[in-house]
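Colleague: Handing you this structure, nothing more for now.
The values are calculated or read from the model by the stated rules, or taken from the named source; none is laboratory data. What you are looking at is a predicted structure, and each value in this text was computed from that prediction instead of being measured. Glycine also receives a Cβ, built like all others from the backbone with ideal geometry; neighbour counts cover every protein chain displayed.
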Amino acid sequence: MDSEFDYLTKDALLLKNLVVAIGEVSEITGVPTRQIRYWEEKGYISSMTEGEGTTRRYGYVTIKKILLIKELLDDGFTLDAAAQRVEKRMATINQAFEKLVNDMSKAK
């Protein structure tokens, strides 16, 4: 029987391998593809594009960032302020989960 740690590991692998084309990201998030490209050009998000002329593809974390930036923009933040706040929030979340994984690994 799998432990909670095993389930978390499997979920993490699934999310890591989740990759969606820019059109689907636009549909999911409600952010126009042109705006997504602009945010990428500005360095606020990044795609998994392998070369010129290929469809831009985005993973789970980037989709999450897009949703958070959109939410903050809707709340009146500027794009720069929203992107900075999202980066800070993502860093805090990553630190918390790293600690959780380390604690769970030690308890194993």
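Colleague: Exactly one condition in (1) within 12 Å of the chain's Cα centre (by Cα); (2) at pLDDT 95 or above; (3) not aromatic (Phe, Trp, Tyr) is false for Gly76; which is it?
Modeller: Here Gly76 clears every test but (1).
Colleague: Would you be able to say whether some residue in segment 41-49 is in a helix (DSSP H, G or I), under 17 Å from the mean Cα position of the chain (by Cα), acidic (Asp, Glu) and within 30 Å of Ser3 (Cβ to Cβ)?
Modeller: Initially, segment 41-49 is screened for residues in a helix (DSSP H, G or I), giving 41-42.
Applying the additional criterion that residues be under 17 Å from the mean Cα position of the chain (by Cα) yields 41-42.
Applying the additional criterion that residues be acidic (Asp, Glu) yields 41.
Still in the list and also within 30 Å of Ser3 (Cβ to Cβ): none.
No.
Colleague: Still on this structure, please answer the following. Looking at Val20, is it in contact with a strand residue (DSSP E or B) (Cβ under 7 Å, 6 or more places away or on another chain) and surrounded by 12 or more Cβ atoms within 10 Å (Cβ to Cβ)? Steps first, please.
Modeller: Values: in contact with a strand residue (DSSP E or B) (Cβ under 7 Å, 6 or more places away or on another chain): yes; surrounded by 12 or more Cβ atoms within 10 Å (Cβ to Cβ): yes.
It is true that Val20 is in contact with a strand residue (DSSP E or B) (Cβ under 7 Å, 6 or more places away or on another chain) and surrounded by 12 or more Cβ atoms within 10 Å (Cβ to Cβ).
Colleague: Ok, one more. Taking the criterion of being within 19 Å of Leu15 (Cβ to Cβ), at pLDDT below 95 and in a helix (DSSP H, G or I), would at least one residue in segment 52-60 satisfy it?
Modeller: Yes - at least one qualifying residue is present in segment 52-60.
Colleague: Sticking with this structure for a sec: Among the listed residues Val86, Val61, which satisfies the condition of being within 16 Å of Ile28 (Cα to Cα), within 11 Å of the chain's Cα centre (by Cα) and surrounded by 14 or more Cβ atoms within 10 Å (Cβ to Cβ)? Even if it seems obvious, please write down each step before you answer.
Modeller: Details: Val86 fails: within 16 Å of Ile28 (Cα to Cα).
Only one candidate passes the filter, namely Val61.
Colleague: Among what's in segment 89-108 and is part of a helix (DSSP H, G or I) and in contact (Cβ under 8 Å) with a residue 24 or more places away in the chain, pick the residue that is nearest to the chain's Cα centre (by Cα).
Modeller: From segment 89-108, those part of a helix (DSSP H, G or I) are 89-107; that's our starting set.
Adding the requirement that they be in contact (Cβ under 8 Å) with a residue 24 or more places away in the chain leaves 90, 101, 104-105.
Values: Met90: 9, Val101: 19, Met104: 24, Ser105: 25 Å.
Top of the filtered list is Met90.
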